[in-house]
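Enquirer: Have a look at the structure that comes next, please.
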């Protein structure tokens, strides 16, 4: 007797139901499109999630911006993520920053967020409540810093030092290198 794959049985029983393979391919396509559209560089991506499930967030936007600016100066690509309903927190961080960052708040769907977190080299978040990206980071093994787990008066220098330590321990991750203009010498042309 010849075995029939389960996916064929499901398709025959429920012909209009999209196959699991098609759904997975669509998810990969969505994520790849997000990466391409925003220019996400997976090998140097640091996610900032300033949203909080607490009534009083652990950190103000200015401190997030300070950490993000320092890590961006080190060459890491900063992406700010969060829910669309909390623009004052996410946009506040971007507005307080002195360097450029990707603003992905509201642009990352629930199916693509885990892949983004898995690709990130570090996640900095306000709290670790169940629906928070920190729960996904913990499950995926992505290094993360939860600000609510630090004393409220922790300054940004301490978090920057911790972030740099976390980033130095990630395998195959590297910050970007400063742009240099290479003028070929005569021997390079040969």
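The values are calculated or read from the model by the stated rules, or taken from the named source; none is laboratory data. Quantities reported herein were computed from a predicted structural model and do not represent experimental measurements. Here Cβ is always computed from backbone atoms with ideal geometry, including for glycine, and neighbour counts include all displayed protein chains.
Enquirer: Applying the selection to region 140-163, what residues are in a helix (DSSP H, G or I) and touching a residue at least 24 places away in the same chain (Cβ under 8 Å)? Steps first, answer last, please.
Expert: Taking region 140-163 as the starting set, the residues that turn out to be in a helix (DSSP H, G or I) are 140, 147-149, 156-163.
Listed by number, the residues that qualify are 140, 147, 148, 156, 159, 160, 163.
Enquirer: Can you say whether residue 11 is at pLDDT below 55, in a helix (DSSP H, G or I) and either out of contact with any strand residue (DSSP E or B) (no Cβ under 7 Å at 6 or more places or on another chain) or farther than 30 Å from residue 90 by Cβ (or both), as far as the supplied structure shows?
Expert: Taking the combined requirement at face value, the residue satisfies it.
Enquirer: Of the numbered conditions (1) within 21 Å of residue 65 (Cβ to Cβ); (2) in a helix (DSSP H, G or I); (3) touching a strand residue (DSSP E or B) at 6+ places or on another chain (Cβ under 8 Å), residue 124 satisfies every one except a single condition; which is it?
Expert: All conditions pass for residue 124, except number (2).
Enquirer: Residue check: is residue 131 in a helix (DSSP H, G or I) and closer than 22 Å to residue 30 by Cα?
Expert: Answer is no for this residue.
Enquirer: Any residue at all in region 142-154 that is modelled with pLDDT under 90, buried (at least 18 other Cβ atoms within 10 Å of the Cβ) and within 14 Å of the chain's Cα centre (by Cα)?
Expert: no
Enquirer: With the requirement that a residue be in contact with a strand residue (DSSP E or B) (Cβ under 9 Å, 6 or more places away or on another chain) and touching a residue at least 60 places away in the same chain (Cβ under 8 Å), what does region 85-107 give you?
Expert: The answer is 102, 104.
Enquirer: Here is a further query. State the number of residues belonging to region 54-67 that are surrounded by fewer than 24 Cβ atoms within 10 Å (Cβ to Cβ), outside any loop (DSSP other than H, G, I, E, B) and free of Cβ contacts under 8 Å to residues at least 40 places away in the same chain.
Expert: Residues meeting the conditions: 2.
Enquirer: I'd like the residue in region 118-139 that is touching a residue at least 12 places away in the same chain (Cβ under 8 Å) and surrounded by fewer than 16 Cβ atoms within 10 Å (Cβ to Cβ) and, out of all such residues, is nearest to residue 53 (Cα to Cα).
Expert: Residue satisfying both the conditions and the ranking: 129.
Enquirer: Check 82, 75, 51 and return the single one that is assigned to a loop (DSSP other than H, G, I, E, B) and in contact with a strand residue (DSSP E or B) (Cβ under 7 Å, 6 or more places away or on another chain).
Expert: The unique qualifying residue is 82.
Enquirer: Output the residue which, of all residues in region 29-48 that are surrounded by 12 or more Cβ atoms within 10 Å (Cβ to Cβ) and out of contact with any strand residue (DSSP E or B) (no Cβ under 6 Å at 6 or more places or on another chain), is modelled with the lowest pLDDT.
Expert: Top of the filtered list is 30.
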